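Structure first, commentary second.
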């Protein structure tokens, strides 16, 4: 008669770093390199705990198309940089003057060049996200009767138009953040002395907006100022976050298409079950893995990184969660219990829906018992002697037991 010896091995959270290095390429001109927007972005990233690799080609007068000088679509430096890395993001700052007309009116050469650049980027890495830089125009606008706000709004509208027409990528609403700053911080000049290029403050606000668009966290608590007055910098970081996360901007800029929304029901977080894989994080460490929901056991900040059917990954915004004692008590009442009934018999007691799998000692799946609830008896009498592994999967939690049949 075979004798069943049961060893219970419970495997819980494995702590690993939150992020690998994020690679970001800036393609632009003097609007980007004046006061070093890529450098300010790097400073904010480091302050937020993110490892970044940043590169740029931001020559004066350069557009996507061939205009004052050879454009990014033909420039050998830009082309070499595009294929030099598997970029996570490429920030495209085109000649903002091409976007100051009424919404929907973009020069044909500009639109065609952006199609070419899109194809060049995607040929190198289909998963690279393109971020279109929706910035600002000259202070006061471009014609008699124009004004700064109206000009910025047209640029923003034309960037959305371009993205909708050719890319379905992401627009970062820098100009919209400028409009808010002009209202909330009227004494802070966002323009350089030429009334066209950005001041340090204007560049900092642009960098904070790009940071929020990429990393999807609130930069307000960060301490990096880049040389901007501390109080002003904090207000600007808050403006950047509120601008990016405004519901109408999330939809218009298409950022919502790459930002799964976490919903909370008690102590259970979930997103739509429409992705290929899921990885949940609490703060800077992994918690649950490969399930569309996660049962929270501690208060904290949570997010999920998903992989779509094309193998591309992107993340949610942070979800701050506070767990009450009653919710923890309810969770404890729903704990899975493992019982040995006797020789060759095993029972799972649970109020949760679980999936039970049996593996041999090589890791090969022997049987899928399917979904179980309440009290369920597993009869192992028909199996050969040896070592087996039973895995009980509930949402993101995996419980493993080693079973020896003798």
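Hey, residue 157 hits all of (1) touching a helix residue (DSSP H, G or I) at 6+ places or on another chain (Cβ under 6 Å); (2) closer than 27 Å to residue 121 by Cβ but one; which does it fall short on?
For residue 157, the exception is condition (1).
Any chance you could count how many residues in region 251-278 are over 16 Å from the mean Cα position of the chain (by Cα), buried (at least 20 other Cβ atoms within 10 Å of the Cβ) and either modelled with pLDDT under 85 or assigned to a helix (DSSP H, G or I) (or both)?
The qualifying residues number 2.
From 291, 281, 302, grab the single residue that is modelled with pLDDT under 95, closer than 29 Å to residue 26 by Cβ and touching a strand residue (DSSP E or B) at 6+ places or on another chain (Cβ under 7 Å).
Numbers: 291 fails: closer than 29 Å to residue 26 by Cβ; 302 fails: closer than 29 Å to residue 26 by Cβ.
Only one candidate passes the filter, namely 281.
Does residue 307 meet the test of being within 24 Å of residue 130 (Cβ to Cβ) and out of contact with any strand residue (DSSP E or B) (no Cβ under 9 Å at 6 or more places or on another chain)?
Details: within 24 Å of residue 130 (Cβ to Cβ): yes; out of contact with any strand residue (DSSP E or B) (no Cβ under 9 Å at 6 or more places or on another chain): no.
The answer is no for residue 307.
When you check residue 211 against the structure, is it touching a strand residue (DSSP E or B) at 6+ places or on another chain (Cβ under 9 Å) and surrounded by 19 or more Cβ atoms within 10 Å (Cβ to Cβ), yes or no?
Numbers: touching a strand residue (DSSP E or B) at 6+ places or on another chain (Cβ under 9 Å): no; surrounded by 19 or more Cβ atoms within 10 Å (Cβ to Cβ): yes.
When the stated conditions are applied, residue 211 does not pass them.
Within region 193-201, identify whether any single residue is closer than 26 Å to residue 45 by Cβ, assigned by TED's automatic domain parsing to the domain that holds residue 247 and part of a loop (DSSP other than H, G, I, E, B), and answer yes or no.
Yes - at least one qualifying residue is present in region 193-201.
Can you name every residue in region 290-309 that is part of a strand (DSSP E or B) and more than 20 Å from residue 127 (Cβ to Cβ)? Can you show your working first?
Start the filter on region 290-309 by keeping residues that are part of a strand (DSSP E or B), which leaves 293-295, 300-307.
293, 294, 295, 300, 301, 302 - these are the residues of region 290-309 that are part of a strand (DSSP E or B) and more than 20 Å from residue 127 (Cβ to Cβ).
Given the condition surrounded by 19 or more Cβ atoms within 10 Å (Cβ to Cβ), assigned by TED's automatic domain parsing to the domain that holds residue 104 and in contact with a helix residue (DSSP H, G or I) (Cβ under 6 Å, 6 or more places away or on another chain), answer yes or no: does some residue in region 138-147 qualify?
From region 138-147, those surrounded by 19 or more Cβ atoms within 10 Å (Cβ to Cβ) are none; that's our starting set.
The answer is no, given that none of the residues of region 138-147 is surrounded by 19 or more Cβ atoms within 10 Å (Cβ to Cβ), assigned by TED's automatic domain parsing to the domain that holds residue 104 and in contact with a helix residue (DSSP H, G or I) (Cβ under 6 Å, 6 or more places away or on another chain).
Restricting to region 258-284, name every residue that is within 12 Å of residue 306 (Cα to Cα) and in contact with a helix residue (DSSP H, G or I) (Cβ under 8 Å, 6 or more places away or on another chain).
Listed by number, the list holds a single entry, 259.
The values are calculated or read from the model by the stated rules, or taken from the named source; none is laboratory data. Note that the structure is predicted; figures quoted are calculated from it, not measured. Don't worry about glycine lacking a Cβ; one is built from the backbone with ideal geometry, like all the others, and counts go over all protein chains shown.
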